[in-house]
Amino acid sequence: MSAARHHGHSAARHRRASHGLGAVTIIVLLVGMAAMAAAVLRLGQQGATAMQQDTQGLRAGVAARSGIEWGLYQAFKGSWTSCSNASQTLDLSADSGMRVLVSCDSRLYNEGESAPGSAATVRLFTIDAIACNSSACPDPGAATQQGYVERRRQVQAVN
């Protein structure tokens, strides 16, 4: 009988120990799942920020290309036909949130002859466009801040 009584106490102790072990396991699982959920949330936020930066970068690139096209038009058909350190800021903030500083410089070069003994003169235009999402481009003060984007394009053309 004492063996049966000893066996009964052992089974009761085993049941109490397994109840304690189950509670600890559940707590560990809940803490682990909470940590995983926090990590997933943080990764999602970082992904959204990166995607927003990419979108702003694309907008700045398109704005800089638009500035180049506008500058080429001004150089060939507009008011910059003999530009020398001319510049103008295009405000595209209503459409894209960007501003573009477009500058032009030109130089005359002799290239071959237009007739025997007469030099052929060509004008080389350098059009530079800097687009950014700040009030002035380029903006060194904003360049170190999160969310600032800037793109630059340059082209040379002969008239």
Q) What number of residues within segment 145-159 satisfy the criterion of being out of contact with any helix residue (DSSP H, G or I) (no Cβ under 7 Å at 6 or more places or on another chain) and either surrounded by fewer than 15 Cβ atoms within 10 Å (Cβ to Cβ) or of a type in the set (Asp, Glu) (or both)? A) 6
Q: Given the conditions (1) farther than 25 Å from Thr55 by Cα; (2) outside any strand (DSSP E or B); (3) not hydrophobic (A, V, I, L, M, F, W, C), report the number of the one that Thr121 does not fulfil.
A: (2)
Q. Filter segment 143-159 for residues that are out of contact with any Phe, Trp or Tyr (no Cβ under 8 Å at 6 or more places or on another chain) and modelled with pLDDT under 90; which is nearest to Thr55 (Cα to Cα)?
A. Gly147
Q: Taking Ala115 as meeting all but one of (1) modelled with pLDDT under 85; (2) exposed (fewer than 11 other Cβ atoms within 10 Å of the Cβ); (3) not aromatic (Phe, Trp, Tyr), write down the number of the exception.
A: (1)
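Within segment 94-110, is even one residue farther than 21 Å from Asn133 by Cα, at pLDDT below 90 and surrounded by 12 or more Cβ atoms within 10 Å (Cβ to Cβ)?
no
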Q: Please state which of the following conditions Gly61 fails to meet, knowing it meets all the rest: (1) in a helix (DSSP H, G or I); (2) farther than 18 Å from Arg151 by Cβ; (3) touching a residue at least 40 places away in the same chain (Cβ under 8 Å).
A: (2)
Q: Please indicate, with yes or no, whether at least one residue in segment 130-142 is over 12 Å from Ala60 (Cα atoms), surrounded by 13 or more Cβ atoms within 10 Å (Cβ to Cβ), of a type in the set (A, V, I, L, M) and at pLDDT 95 or above.
A: no
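Residues checked against (1) part of a helix (DSSP H, G or I); (2) surrounded by 10 or more Cβ atoms within 10 Å (Cβ to Cβ); (3) at pLDDT below 85; (4) basic (Lys, Arg):
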| position | (1), (2), (3), (4) |
| --- | --- |
| Arg42 | yes, yes, yes, yes |
| Gln52 | yes, yes, yes, no |
| Thr55 | yes, yes, no, no |
| Arg65 | yes, yes, no, yes |
| Ile68 | yes, yes, no, no |
| Ser82 | no, yes, yes, no |
| Gln88 | no, yes, no, no |
| Asp91 | no, yes, no, no |
Q: Would you check which residues across segment 70-80 are in a helix (DSSP H, G or I) and surrounded by 14 or more Cβ atoms within 10 Å (Cβ to Cβ) and list them?
A: Trp70, Gly71, Leu72, Gln74, Ala75
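With respect to Arg123, determine if the residue is surrounded by 13 or more Cβ atoms within 10 Å (Cβ to Cβ), at pLDDT 80 or above and of a type in the set (Lys, Arg).
yes
The values are calculated or read from the model by the stated rules, or taken from the named source; none is laboratory data. Remember, it's a predicted structure, so these values are computed and weren't measured experimentally. Note that each Cβ is placed from the backbone with ideal geometry, even for glycine, and that neighbours are counted across all protein chains shown.
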